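The values are calculated or read from the model by the stated rules, or taken from the named source; none is laboratory data. Here the structure is a predicted model, which is why all the values come from computation and not from measurement. Every residue, glycine among them, receives a Cβ derived from its backbone with ideal geometry; neighbour counts consider all protein chains shown.
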Amino acid sequence: MNKRFISAALLLLSAQSIFASQNATFYLNNDLQKPVKGGGALLLKSYFEDHPDGRGEDLCLLVGHEKNLGYWSLPAGGAELKDSNIIGTIKRETLEETGGVVNVSGSEPVLYSRKFGRAFAVVADDTLGCNDLTTAVQNAIANPALGGAWKEMDRYTAISVSEITRKAEVIRAHWEKIAPTIIHKKTGQPCTYNTLWHHDATHNLPAAVSPAMTKHGSTIELITRTGVPIRFSAFYFGSIVDRLGDFKNRVAATRLPRGFSPETYLNINPDLAVLTQGQNPSKVDGVLSNHYRTHGRLENRDFSLPKNFEPSVYLDLHPDVKAATTGLSQKAANAYAQLHYAKHGAQEKRSYGIPDSFNYKIYFALNQDVEKAFSGLSPKAQAMEARKHFHFNGKAEGRLYKLPPHFDPSIYLDLHPDLAQHVAKNGMSRNEARAFAKVHYAKHGMTEGRSYGVPVDFDIDQYFALNPDVLQVVVGMSSRDKNAFARRHFVFRGAKENRRYN
């Protein structure tokens, strides 16, 4: 045998042996049923409405571009013996592939996929940013003191979680459908979803995710937050697909409440100013939202203005505040009113608007002289003027603005066949019929003395207790159905039978 060939073969075997010695399989939480061959991080970041690249989605996954492979992926990689355990792998891989920016603590929740043998720390940090991560990984590439493991990612981008989950749902449904059509290599039996090998899964992808093969592996197409299509590793996306339910739960736990504003959160909670001292201005929003997610939510801190806060009403109620808006546009004046209330008005207990239950259409129906005065305005202007009128005039005049608390639109229509016929004749939907009933009672039914439901002091629990035969009928019903049955029973039978209800 040729000595040169033998030497080359021995060298190859030696290299393979060294490489194999570096690879490792760990077990998540020392559970032998959860083998893990690699790990990394799912980096979640919130974007706010005024963010420069805003596209209406407030939570994104930050992903990196693998410069040596030519496609995008998660900051992750294979386990090595030097890591000691999978948390060590997660920490090392995340640190390397974010240029040293993200240092996983090991206390983060973990998304684990047995099918792909991967575990990912779920890192929710709104101070992260694609620009910062991109700068960090490019600095790592240019640093000769760092090894090759630090030079794999060269830039970062953001993908909305809605895009992630939408594509993952398509792939998941596809895998579940095709699994029985693939024969398991070891058992010779059709696969189930759980026994479908990841190689088969990532090479049998639905057309809806635009699969494509590269010389380094299978990819799918994802759309970034800024609307740019990218090719993403099907293997690493597969871990999300496999644990889609867990991913959705982590997203739900991470997502900030609708309407959250870091500026408003700080203004309402001035003690948090200490968190922003010395911070880079670009990081302040992230610091505040991180605080709400980890502390403020548990402390029940307010994070937004009251739902019925009305800037124009607030200004009209407080001349000293309104004076400060002289010369400002309406938009700027409204913004000032919101800021003033958040910073001062809430603590000073200044009034700011009208009751949550106020409905301008009902207010007009109950006060037709007011409706007539504003009849020539647009619906939006009518709503505004109605609110102002009630606050500055109607409240003092004792004007009604809502229906009786026990008004029941469906009972009202059933009690009055002429109204039910009108609803049927005009093909109204259920919601349209309910709205019609409310406005009709406010405009006509009240003055006509029409009945509309149970008495104000009707007690459902007492009605059941005093009428055991009625209680027997509702056994097994939900609380909502029981309540509806009790009200309708009294209106259409109980009242005539003189049944007691309190």
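Which one of these is modelled with pLDDT of 90 or more and of a type outside the set (Gly, Ala, Ser): 317, 288, 305?
288
Which numbered condition trips up residue 264, out of (1) in the same structural domain as residue 68 (by TED's automatic domain parsing); (2) surrounded by 20 or more Cβ atoms within 10 Å (Cβ to Cβ)?
(1)
Need pairs with beta-carbon distance below 8 Å; first residue within 11 Å of residue 158 (Cα to Cα) and within the stretch 216-235, second basic (Lys, Arg) and part of a loop (DSSP other than H, G, I, E, B); sequence gap 6+ or separate chains.
Hits for this filter: 225/55; 226/55; 227/55.
Residue by residue, here is whether (1) aliphatic (A, V, I, L, M); (2) touching a Gly at 6+ places or on another chain (Cβ under 7 Å) holds:
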site: 109; (1), (2): no, no
site: 156; (1), (2): no, yes
site: 160; (1), (2): no, no
site: 170; (1), (2): yes, no
site: 173; (1), (2): yes, no
site: 181; (1), (2): no, no
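Being part of a helix (DSSP H, G or I), aliphatic (A, V, I, L, M) and free of Cβ contacts under 8 Å to residues at least 12 places away in the same chain is the filter here; which residues of the stretch 140-168 pass it?
The one that is part of a helix (DSSP H, G or I), aliphatic (A, V, I, L, M) and free of Cβ contacts under 8 Å to residues at least 12 places away in the same chain: 142.
What about residue 137, is it buried (at least 18 other Cβ atoms within 10 Å of the Cβ), in a strand (DSSP E or B), assigned by TED's automatic domain parsing to the domain that holds residue 44 and not small (Gly, Ala, Ser)?
No; evaluated as a whole, the condition is false for this residue.
Quick test for you: out of 177, 151, pick the one residue that is among the charged types (D, E, K, R) and in contact with a helix residue (DSSP H, G or I) (Cβ under 7 Å, 6 or more places away or on another chain).
151
State all residues of the stretch 445-477 that are of a type in the set (D, E, K, R) and within 44 Å of the chain's Cα centre (by Cα); if no residue qualifies, say none.
If the condition is that a residue be of a type in the set (D, E, K, R) and within 44 Å of the chain's Cα centre (by Cα), then 457, 459, 461 are the ones that fit.
Give me the residue from the stretch 185-237 that is aromatic (Phe, Trp, Tyr) and not in a loop (DSSP other than H, G, I, E, B) and, out of that set, surrounded by the fewest Cβ atoms within 10 Å (Cβ to Cβ).
Checking each candidate, the answer is 235.
Looking at 302, 285, 356, 316, can you tell me which residue is closer than 21 Å to residue 259 by Cα, charged (D, E, K, R), touching a residue at least 24 places away in the same chain (Cβ under 8 Å) and not in a loop (DSSP other than H, G, I, E, B)?
Going through 302, 285, 356, 316 in turn, the sole match is 285.
Quickly run through the stretch 377-399 and pick out the residues that are closer than 22 Å to residue 444 by Cα and among the small types (Gly, Ala, Ser).
383, 386, 394, 398
Checking residue 126 against (1) closer than 20 Å to residue 239 by Cβ; (2) buried (at least 20 other Cβ atoms within 10 Å of the Cβ): exactly one of these is not met. Which one?
Only one criterion is unmet by residue 126, namely (1).
Checking the structure you have, find out if any residue of the stretch 478-497 is more than 30 Å from residue 366 (Cβ to Cβ), over 40 Å from the mean Cα position of the chain (by Cα) and surrounded by 14 or more Cβ atoms within 10 Å (Cβ to Cβ).
no
Confirm whether residue 196 is among the aliphatic types (A, V, I, L, M) and more than 23 Å from the chain's Cα centre (by Cα).
For residue 196, the condition - among the aliphatic types (A, V, I, L, M) and more than 23 Å from the chain's Cα centre (by Cα) - is met.
With respect to residue 114, determine if the residue is within 24 Å of residue 36 (Cα to Cα) and either of a type in the set (Ser, Thr, Tyr) or over 19 Å from the mean Cα position of the chain (by Cα) (or both).
Spelling it out, residue 114 is indeed within 24 Å of residue 36 (Cα to Cα) and either of a type in the set (Ser, Thr, Tyr) or over 19 Å from the mean Cα position of the chain (by Cα) (or both).
Considering only the stretch 342-353, I want to know if a residue exists there that is touching a Phe, Trp or Tyr at 6+ places or on another chain (Cβ under 6 Å), farther than 30 Å from residue 271 by Cα, in contact (Cβ under 8 Å) with a residue 12 or more places away in the chain and not aliphatic (A, V, I, L, M).
No, the stretch 342-353 has no match at all.
For the stretch 290-297, check the following and say yes or no: at least one residue is out of contact with any Pro (no Cβ under 8 Å at 6 or more places or on another chain), surrounded by fewer than 18 Cβ atoms within 10 Å (Cβ to Cβ), closer than 22 Å to residue 266 by Cβ and β-branched (Val, Ile, Thr).
yes
With (1) crowded, with 18+ Cβ neighbours inside 10 Å; (2) among the hydroxyl-bearing types (Ser, Thr, Tyr); (3) modelled with pLDDT under 90 as the list, and residue 282 as the residue in question, which single condition is left unmet?
Unmet for residue 282, out of (1) crowded, with 18+ Cβ neighbours inside 10 Å; (2) among the hydroxyl-bearing types (Ser, Thr, Tyr); (3) modelled with pLDDT under 90: (1).
Considering (1) touching a residue at least 24 places away in the same chain (Cβ under 8 Å); (2) outside any helix (DSSP H, G or I); (3) surrounded by 11 or more Cβ atoms within 10 Å (Cβ to Cβ), say which one residue 457 fails and leave the rest.
(3)
Kindly indicate the residue of the stretch 397-438 that is of a type in the set (S, T, N, Q) and surrounded by fewer than 14 Cβ atoms within 10 Å (Cβ to Cβ) and also nearest to residue 491 (Cα to Cα) among those meeting that condition.
Top of the filtered list is 421.
Which of the following residues is assigned by TED's automatic domain parsing to the domain that holds residue 66 and out of contact with any helix residue (DSSP H, G or I) (no Cβ under 6 Å at 6 or more places or on another chain): 223, 240, 183, 171?
183
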